[in-house]
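Structure, as structure tokens:
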Ligand SMILES: NC(=O)c1ccc[n+]([C@@H]2O[C@H](COP(=O)([O-])OP(=O)(O)OC[C@H]3O[C@@H](n4cnc5c(N)ncnc54)[C@H](O)[C@@H]3O)[C@@H](O)[C@H]2O)c1
């Protein structure tokens, strides 16, 4: 039997704050394959997430095929727009959601991994986060600050994570991020510089795969998912239309699910994909290959 076996491996999935998005589905599938899974949660969403977990509100979605509940080995507060603790502005650090979480920068979380598990504690790092404060604005109306914020949270965060987590990876380590086809085709309504951020993310995936591959022997890939009504995607405001359009026009018309994304993610992070790096893999029921819709 050919199996995805991640027994004995540890994964960090950055960008999990509920059970509706791709990060949660990936965490669950990696755990199903035998990995220990730690997650990174944005401080503004951390308390709600911990409450939902404690009150059993996610027990149904946490149920693994073997009947056990998905357990997170650690839940680390992570704000991926900060590389080091010094960069977190005073007013943010002292604010309600940040004052008790400690160093939630990318370097801070890397340090916590080493403190908690020793050197080279990781095999898999998944970047499943994005933020574009002006996503509802057309690109032509986007401010410089909004554009740079989208790039910072959604693209540079991967560069910083590869920079700081590569030294923590064991042999055969794999990074994976999530991207969207708006990087290369026009998706009206996906604004605020988010399309630019995804283009940067895909381009950076190629160069990071080369640089981190040569320096650390790790792999870096990105998975281009079809539209799904996660919490983040609902903020775009047109997600249902995007899903309906894809369902009507893709080669495969049954809806794509987070499980489809998670299964491919598990494969890409497993030894079965040992020769795949620097690549954008589409998990979108084939929609990206279409040049024309089916109806005029
Ligand atoms: N849902 C879609 O249609 C779709 C399609 C293609 C790609 N993607 C990508 O998938 C990834 C996951 O998104 P999702 O749609 O599953 O939604 P999601 O809401 O489950 O995940 C986004 C996460 O990013 C976190 N986040 C935002 N800013 C952050 C920051 N500064 N630091 C740390 N975390 C931060 C949020 O708290 C949230 O947990 C994103 O990169 C998204 O662009 C989504």
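Note on region 65-81: residues that are more than 10 Å from the ligand (Cβ to nearest atom), crowded, with 16+ Cβ neighbours inside 10 Å and part of a loop (DSSP other than H, G, I, E, B) amount to 3. For region 7-31, the set of residues classified as in contact (Cβ under 8 Å) with a residue 40 or more places away in the chain and over 17 Å from the mean Cα position of the chain (by Cα) consists of 9 only. Confirm whether residue 195 is out of contact with any strand residue (DSSP E or B) (no Cβ under 6 Å at 6 or more places or on another chain) and within 13 Å of the ligand (Cβ to nearest atom). Yes: the conditions hold for residue 195. Inside region 220-235, residues that are farther than 23 Å from residue 294 by Cβ, in contact with a helix residue (DSSP H, G or I) (Cβ under 8 Å, 6 or more places away or on another chain) and assigned to a loop (DSSP other than H, G, I, E, B) make up a count of 1. Taking the criterion of being assigned to a loop (DSSP other than H, G, I, E, B) and touching a helix residue (DSSP H, G or I) at 6+ places or on another chain (Cβ under 8 Å), the residues of region 270-286 that qualify are 276, 277, 278, 279, 284, 285. Determine whether region 129-142 contains at least one residue that is touching a strand residue (DSSP E or B) at 6+ places or on another chain (Cβ under 8 Å), within 16 Å of the ligand (Cβ to nearest atom), in contact (Cβ under 8 Å) with a residue 40 or more places away in the chain and not in a helix (DSSP H, G or I). Scanning region 129-142, I find at least one residue that is touching a strand residue (DSSP E or B) at 6+ places or on another chain (Cβ under 8 Å), within 16 Å of the ligand (Cβ to nearest atom), in contact (Cβ under 8 Å) with a residue 40 or more places away in the chain and not in a helix (DSSP H, G or I), so the answer is yes.
Can you give me the number of residues within region 212-239 that are within 11 Å of the ligand (Cβ to nearest atom) and out of contact with any strand residue (DSSP E or B) (no Cβ under 6 Å at 6 or more places or on another chain)? Residues flagged as within 11 Å of the ligand (Cβ to nearest atom) and out of contact with any strand residue (DSSP E or B) (no Cβ under 6 Å at 6 or more places or on another chain) within region 212-239 amount to 13.
To keep it simple, each residue is scored yes or no on (1) away from the ligand (no atom under 12 Å from the Cβ); (2) in contact with a strand residue (DSSP E or B) (Cβ under 7 Å, 6 or more places away or on another chain); (3) assigned to a helix (DSSP H, G or I).
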position: 34; (1), (2), (3): yes, no, no
position: 38; (1), (2), (3): yes, yes, no
position: 45; (1), (2), (3): no, no, yes
position: 96; (1), (2), (3): yes, no, no
position: 107; (1), (2), (3): yes, no, yes
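Of everything listed in (1) within 22 Å of residue 263 (Cβ to Cβ); (2) without any contact (Cβ under 8 Å) to a residue 60 or more places away in the chain; (3) surrounded by fewer than 24 Cβ atoms within 10 Å (Cβ to Cβ), the single unmet condition for residue 234 is (1). Screening region 246-259 for residues that are within 12 Å of the ligand (Cβ to nearest atom) and assigned to a helix (DSSP H, G or I) and picking the one that is modelled with the lowest pLDDT gives 246.
For region 108-119, the condition of being over 21 Å from the mean Cα position of the chain (by Cα), surrounded by 15 or more Cβ atoms within 10 Å (Cβ to Cβ) and free of Cβ contacts under 8 Å to residues at least 40 places away in the same chain holds for none of the residues.
For the structure I just gave you, tell me whether residue 199 is modelled with pLDDT under 95 and part of a helix (DSSP H, G or I). In short, no. Checking each residue in region 118-128 for being in contact with a helix residue (DSSP H, G or I) (Cβ under 9 Å, 6 or more places away or on another chain) and away from the ligand (no atom under 15 Å from the Cβ) picks out 119, 120, 121, 122, 124.
The values are calculated or read from the model by the stated rules, or taken from the named source; none is laboratory data. Keep in mind the model is a prediction, meaning the values are calculated, not measured. Ideal geometry is used to build each Cβ from the backbone, glycine not excepted, and the neighbour counts take in all protein chains shown.
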